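These notes are about the structure you will find just below.
The values are calculated or read from the model by the stated rules, or taken from the named source; none is laboratory data. Please read these numbers as outputs of a predicted model, since none were measured by experiment. Every residue, glycine as well, gets a Cβ built from its backbone with ideal geometry; the counts of neighbours run over all protein chains shown. We work out accessible area using only protein heavy atoms, side chains counted, and drop any ligands, DNA or RNA first. Shrake-Rupley method; radii C 1.70, N 1.55, O 1.52, S 1.80 Å.
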Amino acid sequence: METPLAQRRQKTGLISKRKKRAHQEAIWAYLFIAPTVIGLCIFYMFPAVASFALSFTKWNGISAAEYIGLGNIIALIQDSSFIRSIVNTTVFTIVSVPLSVIIAMCISLMLNQRIKGMVVYRTLYFLPVVTMPVAVGMVWKWLYNTEYGLVNYVLGLFGLPQPSWLFNPNIALLSVILVYVWMTVGNNVILLLAGLQGISKTYYEAAQIDGATKVNQFFHITLPLITPTLFFVFITGMISSLQVFDLIFIMIGDSNVLLEPLRTIVYGVYESGFKYSQMGIASAQAFLLFLTILFVTIIQFAFQKKWVHYDG
Amino acid sequence: MKIKVNNHILLIFGAFIMIIPFLWMVSTSLKSYGEAMQVPPTILPQEWKMSNYSSVFESVNFLKYYLNTIIVTLSRTLAQLFLCSLAAFAFARLRFPGKNIIFIAILSVLMVPPQVILIPNYAILTQLGWIDTFYALIVPGMFSAFGVFLLRQFFMGIPKELDEAATMDGCSLFGIYWKIILPNSTPALMALGIFTILASWNDFLWPLVMTNSADMRVLSVGIAAFQGQYATDYPLLMAGAVMSTIPMLIMFIFLQKHLITGIALQGVRR
């Protein structure tokens, strides 16, 4: 029979054993997260903060950075190329994202009707998403070629006008937007299709009993219930289109004609930082891009209550 | 019935627009320079000029670009899968002080666009002497906040009873991670693996900035430079484009189920 003292001893022994185990668990946990946490700190968190600090300096990347306060911001506001990059990026985003989402919505609605060959269609629509953007840019530059390009040849067959897509400054940006839509539609189709397939069939059955038309069903069931996915597609789509670079870089090539009509904010970051070694002003542009993305995201979240339904 | 037929017509028309640039890329890559510049264009090459492909290898060090891309992609992917899953396991299963704060800090990294960290990273890699080396292309790409988040969410869904049973049998913490968590997470690991392979194979701005010698070029930078050199030799350019994109297209066709589940998961989860 155990004495109370022995019992107590055993109990404290248990507690310290449990403590020891918790202690060990914590040590293991820190070991497991250490590589990732250290890596993210060095290559992501610290650079993000440093980018903010560098925005207020004049720095060529080699000698010591010199603090110039708001000098970079003032210089940028007075720089017509920078203003042009803001306008281009805004137009690019405002046109390409809704266009891509609307087309993707139509395609996924058609694919959602238990249509034959759904997997084949889905595969074909998705191919551009996995293709290297640099290669996409090269192929479309060739397709858009004014004299030898396939696009103008086909337009010619139908007696339609044959614009010089990329070399007409008025439509060059639109030409790249069309390529971007072509590239991104498949991704949106996959997301929207998953959203559509998540809508319970009982809603439609009930609506049919009430005698609702297909159009009514779309506006009163499908559209409200797909809004969470639409919201996600819009936010992620806008974030990535604000960052467009690869396509633009390839489309501009060595051409001076295309530089101004096509330059985007990220192109400006690249140009200032790595062509002219003006790291301070490049950081300022990058940081303004970050603020823009943050602002757009916050606005979208603020307005989501007005149109996104989370009760599905 | 009528509606269904119309849908097919629209979908086929759309699919044509999606696929034609690829077919045109392949067709042009097999034409002679003269034939590519013909008006009206020939749909299929009159003489199949396979030699365009070998010409690409002769005019630039294409084999080296290929090798570099494979080395970078494989190392980044394997490292990310291991490091992210290890961290995700700790966040999903283990108790330790500061867990929530550290996790939120990691999530905050998701908001920072890659271009913002480009310039400070250029300075850091210069300091380390890593510019124009494999270290610059691989090491920063081994860490991923997105990967930790994706895997942690998946690990949370694995029943805890499995761990407890293993602990009873005297399994260590690393043993639980290795023998219980990883084998039960194939879909999430596959999705992250494919995302990383695609991102790293197709990446352009980072390798463009972080390397400068021809020997260190990856495919994306290589074919961009190639375009600069052979601006209008479209058959050669298209041959290069075909060869740079084919591995990803093949991977997608075989693994599309995993990729699509992964993408769909992200949208539904939020």
Practice prompt. Only residues that are closer than 14 Å to B:Ala123 by Cα and in contact with a helix residue (DSSP H, G or I) (Cβ under 6 Å, 6 or more places away or on another chain): list them for segment A:39-51, please.
Written response: A:Phe43, A:Tyr44, A:Pro47, A:Ala50, A:Ser51
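So which residues in segment B:206-215 are of a type outside the set (Gly, Ala, Ser) and open to solvent by 20 Å² or more (accessible area, probe 1.4 Å)?
Of the residues in segment B:206-215, the ones of a type outside the set (Gly, Ala, Ser) are B:206-212, B:215.
Listed by number, the residues that qualify are B:Trp206, B:Leu208, B:Asn212, B:Asp215.
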Discussion item. All but one of (1) farther than 30 Å from B:Phe143 by Cβ; (2) open to solvent by 20 Å² or more (accessible area, probe 1.4 Å); (3) assigned to a helix (DSSP H, G or I) hold for B:Gln46; state the number of the condition that does not hold.
Written reply: (3)
Item to complete: Quick one: in segment B:224-244, of everything that is without any contact (Cβ under 8 Å) to a residue 24 or more places away in the chain and part of a helix (DSSP H, G or I), which residue is farthest from B:Thr211 (Cα to Cα)?
Response: B:Leu237
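Inspect all residues belonging to segment A:214-233 and state whether any of them is away from every other protein chain (no Cβ under 14 Å), closer than 26 Å to A:Lys306 by Cα and assigned to a loop (DSSP other than H, G, I, E, B). Spell out the reasoning first.
From segment A:214-233, those away from every other protein chain (no Cβ under 14 Å) are A:216, A:219-224; that's our starting set.
Going one step further and asking which of them are closer than 26 Å to A:Lys306 by Cα, we end up with A:216, A:219-224.
When the remaining residues are screened for being assigned to a loop (DSSP other than H, G, I, E, B), the result is none.
No.
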Item to complete: Return a yes/no flag: does segment A:1-24 have any residue that is part of a helix (DSSP H, G or I) and either at pLDDT 95 or above or among the acidic types (Asp, Glu) (or both).
Response: no
Worksheet item: Within the bounds of segment A:97-104, is there any residue that is within 11 Å of another protein chain (Cβ to nearest Cβ), open to solvent by less than 90 Å² (accessible area, probe 1.4 Å) and modelled with pLDDT of 95 or more?
Response: yes
Worksheet item: Is it the case that segment A:190-200 has a residue that's within 10 Å of chain B (Cβ to nearest Cβ), part of a helix (DSSP H, G or I), of a type outside the set (D, E, K, R) and open to solvent by 50 Å² or more (accessible area, probe 1.4 Å)?
Response: yes
Worksheet item: For segment B:75-107, what are the residues that are closer than 30 Å to A:Phe52 by Cβ, more than 8 Å from every other protein chain (Cβ to nearest Cβ) and part of a helix (DSSP H, G or I)?
Response: B:Arg76, B:Ala79, B:Gln80, B:Ala88, B:Asn100, B:Ile101, B:Phe103, B:Ile104, B:Leu107
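Okay, residues lined up against (1) away from chain A (no Cβ under 11 Å); (2) touching a helix residue (DSSP H, G or I) at 6+ places or on another chain (Cβ under 7 Å):
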position: B:Ala15; (1), (2): no, yes
position: B:Ile19; (1), (2): no, yes
position: B:Leu30; (1), (2): yes, yes
position: B:Met37; (1), (2): no, no
position: B:Thr73; (1), (2): yes, yes
Discussion item. For segment A:254-270, which positions are touching a residue at least 12 places away in the same chain (Cβ under 8 Å), more than 10 Å from chain B (Cβ to nearest Cβ) and among the hydrophobic types (A, V, I, L, M, F, W, C)?
Written reply: A:Val257, A:Leu258, A:Leu262
Fill in: Answer residue from segment A:17-47, given it is touching a Ser or Thr at 6+ places or on another chain (Cβ under 9 Å) and open to solvent by 20 Å² or more (accessible area, probe 1.4 Å) and is farthest from the other protein chains (Cβ to nearest Cβ) among those
A:Met45
Discussion item. Which residue is farthest from the chain's Cα centre (by Cα), if the candidates are limited to segment B:1-36 and must be open to solvent by 40 Å² or more (accessible area, probe 1.4 Å) and in contact (Cβ under 8 Å) with a residue 60 or more places away in the chain?
Written reply: B:Tyr33
Worksheet entry | Scope segment B:109-143; condition in a helix (DSSP H, G or I), in contact (Cβ under 8 Å) with a residue 24 or more places away in the chain and more than 8 Å from chain A (Cβ to nearest Cβ); matching residues | B:Leu125, B:Phe134, B:Ala136, B:Leu137, B:Ile138, B:Gly141
